[in-house]
Amino acid sequence: MKGLFITFEGIEGCGKSTQAKLLAEYLRNQGKVVFLTREPGGPKISEQIREILLSTKNNEMLPETEVLLYMASRSQHTGEWIIPALEQGKIVISDRYYDSTLAYQGAARRIERKLIDSITKFATFGLKPDITFLVDLPAEEGLSRISYKNADRLEKESLEFHKKVRKGFFEIAKIEKNRYIIIDGRDSVEKIHKEIVKKFEEKIRKVKNETK
Ligand code: TYD
């Protein structure tokens, strides 16, 4: 595929959505065509699934249902939006992708990794991110940045749950060293953005050298 697929991952309140927007802006200023999106969500069907997933009225949702709904949302998003954009040579930036399922439904809800990997392959048509930024923050700090009153179903989970999610992301980063870039989310927004741009440029240079 011609384009470049970048994902942002991290726990609640880590600031990745802000950073995804800033990177998109930076790349657009460089004349690149960027398609910024997020999960769960995107196209109409995926947005409808998002509502079911995040509603605090759905507390009885089983982990099995949850994982399948995230995947259903992702499948529509990948097939309808992400792959066509990449085929047109765009840079796609997604705020969350399948690593979130490995961290939330895998590490925190204890759904077997092998099972998630196999549904992921099916749901994403085998599409993997080229670069993933993990904006890291201790779970306590992340949760303190969000308001509990307006929190969605996942955000309302316990501190223990979010600690497991964070650990889950680290485990993926260890395995996926080539595409993972870990960023310290405790710095200021500007400092984090600069760091992301620096790491992004380094990575692109490295990839270009490797393919020469
Ligand atoms: P969202 O409002 O997009 O939050 P955030 O700004 O933290 O990305 O809500 C998405 C929620 O869904 C978030 O709590 C993480 C969770 N999630 C999963 O549990 N599994 C997944 O595969 C994805 C994509 C998200």
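The values are calculated or read from the model by the stated rules, or taken from the named source; none is laboratory data. Just so we're clear, the structure is a prediction, and the values are computed from it rather than from any experiment. When we count neighbours, we look across all protein chains shown, and the Cβ atoms used for this are built from the backbone with ideal geometry, even at glycine. Areas reflect the complete protein model, heavy atoms only, side chains present, ligands, DNA and RNA absent. Shrake-Rupley method; radii C 1.70, N 1.55, O 1.52, S 1.80 Å.
Here are the numbers for this structure:
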{"read-out": "With every protein chain in place, region 141-212: carbon and sulfur % of accessible area (1.4 Å)", "value": "52"}
{"read-out": "Virtual spin-label span in nm between Lys167 and Lys2, 7 Å along Cα→Cβ", "value": "4.6"}
{"read-out": "Area accessible to solvent at Tyr148, 1.4 Å probe radius, in Å²", "value": "150"}
{"read-out": "Region 4-210: relative contact order as a whole-number percent, Cα under 8 Å and 6+ apart", "value": "32"}
{"read-out": "Charge dipole (debye, nearest 20) of region 4-210; +1 at Cβ of Lys and Arg, -1 at Cβ of Asp and Glu", "value": "420"}
{"read-out": "Span from the region 159-212 Cα centroid across to the region 65-101 one, whole angstrom", "value": "19"}
{"read-out": "Rounded D (µm²/s) - the chain, Kirkwood Rh over Cα pairs, Stokes-Einstein at 25 °C, 0.890 mPa s", "value": "140"}
{"read-out": "Estimated vicinal HN-Hα couplings, Hz - region 15-32 in sequence order (Karplus 6.51, -1.76, 1.60; Gly, Pro = x)", "value": "x, 5, 5, 4, 5, 5, 5, 5, 5, 4, 4, 4, 5, 5, 5, 8, x, 7"}
{"read-out": "For the chain, accessible area per residue (1.4 Å probe, heavy atoms of protein chains only), Å²", "value": "53"}
{"read-out": "With every protein chain in place, region 19-113: carbon and sulfur % of accessible area (1.4 Å)", "value": "52"}
{"read-out": "Computed E for Arg113/Tyr148 - FRET, C-beta separation, R0 22 angstrom, nearest 0.05", "value": "0.15"}
{"read-out": "Nearest-0.05 FRET efficiency for Ser158 and Phe122, computed from C-beta distance (R0 30 Å)", "value": "0.45"}
{"read-out": "Debye intensity ratio in log₁₀ form over the Cα atoms of region 82-195, taken at each q of 0.24 Å⁻¹", "value": "-1.44"}
{"read-out": "Links that overshoot a 27 Å alpha carbon limit, given the list Lys163/Lys206; Lys44/Lys206; Lys90/Lys198", "value": "Lys163/Lys206; Lys44/Lys206"}
